[in-house]
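The values are calculated or read from the model by the stated rules, or taken from the named source; none is laboratory data. The model shown is predicted, which means the values in this text are computed figures rather than measured ones. We place every Cβ from the backbone using ideal geometry, glycine too, and count neighbours over all the protein chains shown.
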Amino acid sequence: MIIVRLSGGMGNQMFQYALGRSLAIKNNVPLGLDLTYLLDRTPMPSYFTYRDYQLDMFNVQAIIVSRKDIPLLYRKYNFGVFMRYIDYIRRKFIPTPGKEKRDYYFDLKISTLGPNAYLEGWWQTPKYFADIEDIIRKDFTLKNIPSENIGKLAEEISSKNSLCVHIRRGDYVGNKNHEVVNATYYTDAITYILQRTNIDKVYVFSDDIEWCKNNISFKISTFFVDDSFAGYKDEGNMFLMSACKHFIIPNSSFSWWAAWLANSPDKIVVAPRQWVTDLSKDTADIIPKSWIRM
């Protein structure tokens, strides 16, 4: 069995699943999901954001594994600060073949892992699932029919030459590692898109939509998508965003997946040139070559 350790929000979990799915298909074995670290509610610093399992909104082909299914070396026996330190020491000093070596970087050796592997990392590059793109797109369709208001808005978005603008705030504001885009980025990006196509309407998505209403203006017909369209676990936003024709995304794995899943044949996707503030990290592998980096 291929087992992948899930962590982070929906977008991160989708990257982790996609690699696990690719290896499971290649080795003709089941895919297991380890939710242990998502379930951990050990007190953490204020900047840490607790996450829930969110892939159950999709038609994913995987099973949730129990502790006994997880190899002893990777098994989490208990929660608490002490066990977090134990896990940190294991991850830092014990080499394991399924551990990500460099963030945002495609490691060809991972693709050669055999049928019994435990994957631990973020795996944020489409190169890990390039050979099964159609399968991943099918897996990430919604399991249930969206609510009426989400469905109607999706029809409207699909009928227009629509532009999705995602503005990530929340734990990114003031974050020295992730706050990489500003107002100039969005101004330049929308100028670039308008030079190439006529946008009928802008749809703004954000984790702080009230701030956007008070601070954002594109001088184009704009609809601010509020929480009433989010769905149970934000699957509504993912569904609506992926219905758009064009995209301006921040350095967010959530909107990365919305743009990637969109099936508009002529879509323009603008993404940040640098995914994180640390310029020593090469983030080129995360952005598809057809997207525009600014």
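Annotations for the structure displayed:
- Whenever a residue of region 56-75 is more than 20 Å from ALA18 (Cβ to Cβ), its partners that are exposed (fewer than 13 other Cβ atoms within 10 Å of the Cβ) and among the aliphatic types (A, V, I, L, M), lying with C-beta atoms within less than 8 angstrom and at least six residues away or across chains, give the pairs LEU73/ILE94.
- Residue in region 207-218 that is closer than 23 Å to SER264 by Cα and more than 24 Å from the chain's Cα centre (by Cα) present: yes
The rows are residues; the columns are (1) outside any helix (DSSP H, G or I); (2) surrounded by fewer than 20 Cβ atoms within 10 Å (Cβ to Cβ).
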residue	(1), (2)
ILE150	no, no
VAL165	yes, no
TYR192	no, yes
VAL204	yes, no
CYS212	no, no
LYS219	yes, yes
SER228	no, yes
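- Applying the condition of being among the hydrophobic types (A, V, I, L, M, F, W, C) and in a loop (DSSP other than H, G, I, E, B) to region 239-272 and asking which residue is nearest to LYS127 (Cα to Cα) yields ALA262.
- Helices (runs of 4 or more DSSP H) contained in region 29-144 and holding at least 3 residues in the same structural domain as MET14 (by TED's automatic domain parsing) and at pLDDT 95 or above: 133-139
- Just one residue in the set ILE248, ILE287, ILE220 is under 20 Å from ASP134 (Cα atoms), in contact (Cβ under 8 Å) with a residue 12 or more places away in the chain and among the β-branched types (Val, Ile, Thr); that residue is ILE287.
- In region 245-285, the residue that is farthest from the chain's Cα centre (by Cα) out of those that are more than 23 Å from ARG169 (Cβ to Cβ) and among the charged types (D, E, K, R) is ASP266.
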